[in-house]
Amino acid sequence: METLPTRWFTMSSSELKALLFSAGVILLSVMLFETWEKSMHREKFEVHDNPEALPVPTRIDINTAPEHELVFLPGIGQARAKDIVRYRRENGPFESVEQLKEIRGIGQSTLEDILPLAACSIPDE
């Protein structure tokens, strides 16, 4: 009667260590990738149908905002922002947001777009 081998493969201890190390590296890589992927999807923005659920944007103060902030107002590009800063420098602070109409290129339509997003601080005297 022939005896069957007890092991169907043979592997030295150094080969077994290398195999276990490789399996560990693969497992660790998969776990790190899963963690990274979950963190990437955690900060998604949600779209709300209710405008009251949205944060209220900060108004831009036309008397204190620098040019790079003024360009966030609708209809105000780099040239108009420079004009606003120049007007403040030459004429003093604005007394109201409506006074922006005194600047060339800002008409009633642009002013109506700006009004909800702009503020006009009253300077201390």
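The values are calculated or read from the model by the stated rules, or taken from the named source; none is laboratory data. None of the values given here were measured: they were computed from a predicted structure. Here Cβ is always computed from backbone atoms with ideal geometry, including for glycine, and neighbour counts include all displayed protein chains.
Here are the numbers:
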read-out	value
Of residues in region 98-125 being of a type in the set (A, V, I, L, M) and more than 28 Å from the chain's Cα centre (by Cα), the one surrounded by the most Cβ atoms within 10 Å (Cβ to Cβ)	LEU100
Candidates LYS38, LYS44, LYS82, filtered to the one that is modelled with pLDDT of 95 or more and either out of contact with any Gly (no Cβ under 6 Å at 6 or more places or on another chain) or assigned to a helix (DSSP H, G or I) (or both)	LYS82
SER121 being at pLDDT 90 or above and not aliphatic (A, V, I, L, M)	no
